[in-house]
Amino acid sequence: MKVMMTGPGGNPLGRTILIFFYTYFLLHWVTGIFMFREKLGFGYASVVRYYLGDPDMFMNPRSFIGLLEVTHFHLFAMGLFFVVFSHLLLFTPFRKQIKEVLIRLLAVAILSDMAAGWLVRYAAAHFAWLKLGAFWLLQGVSLLMLLGLLLALFSKERHQTD
């Protein structure tokens with residue numbers, strides 16, 4: 001019950017768990033950028049090509065089942081990520097308005113990122129801009145949240161040892 005009141009960083013084992021979690025997330029964040037670059041690319045044309053295919057490059061369009069499999073996994077993984085990061089943010093000393101903005105931006109970024117591929121493939125190629133914007137918004141917000149969580153964790157640690 002004490003953890004629910006003080007947050008998981010209130011004891012040495014909790015801090016160790018959080019440090020490793022944040023390290024794993026940072027590695028996930030970095031590899032995610034590399035994967036996006038290699039699979040989709042950072043340009044409008046390359047994102048359109050990824051979803052709609054390119055006969056000159058012998059690339060097929062993304063299939064319905066392929067998009068469904070990716071979406072199915074991401075709904076669970078990103079939902080879990082959203083709950084964990086948002087929950088941890090609640091324990092930080094930041095103002096309520098900052099927490100609300102970050103949590104809402106994270107939710108919008110996740111939903112937009114997942115929806116954009118479907119929209120490019122089945123609605124209009126112009127949604128490739130949404131895919132690029134949602135990806136960078138997700139990367140930016142999650143990095144801001146990570147930095148804020150680290151700042152809160154280590155500032156608590158300093159105050160507890162003083």
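The values are calculated or read from the model by the stated rules, or taken from the named source; none is laboratory data. Values in this document were obtained by computation on a predicted structure and should not be read as measured data. Because the Cβ atoms are built from the backbone with ideal geometry, glycine has one as well, and the counts that use them run over all protein chains shown.
Of all residues in region 146-154, at least one satisfies being at pLDDT below 95, assigned to a helix (DSSP H, G or I) and over 21 Å from the mean Cα position of the chain (by Cα).
Please verify whether region 130-137 includes one or more residues that are within 19 Å of VAL30 (Cα to Cα) and either basic (Lys, Arg) or surrounded by fewer than 14 Cβ atoms within 10 Å (Cβ to Cβ) (or both). There is at least one residue in region 130-137 that is within 19 Å of VAL30 (Cα to Cα) and either basic (Lys, Arg) or surrounded by fewer than 14 Cβ atoms within 10 Å (Cβ to Cβ) (or both). With the structure loaded, tell me whether GLY117 is at pLDDT 95 or above and under 17 Å from TRP29 (Cα atoms) or whether it fails that test. It is false that GLY117 is at pLDDT 95 or above and under 17 Å from TRP29 (Cα atoms).
Looking across region 36-60 at every residue that is in a helix (DSSP H, G or I) and surrounded by fewer than 11 Cβ atoms within 10 Å (Cβ to Cβ), the one that is modelled with the highest pLDDT is identified as GLU38.
How many of the residues making up region 103-150 are aliphatic (A, V, I, L, M) and free of Cβ contacts under 8 Å to residues at least 24 places away in the same chain? Total satisfying the criteria: 9.
Would you call ARG95 of a type outside the set (A, V, I, L, M) and closer than 23 Å to LEU149 by Cβ? Taking the combined requirement at face value, the residue satisfies it. The residues on offer are ILE19, ILE33, and the sole one that is over 14 Å from the mean Cα position of the chain (by Cα) and closer than 24 Å to GLY148 by Cα is ILE19. For region 89-96, the criterion of a residue being surrounded by fewer than 18 Cβ atoms within 10 Å (Cβ to Cβ) and aliphatic (A, V, I, L, M) is satisfied by at least one position.
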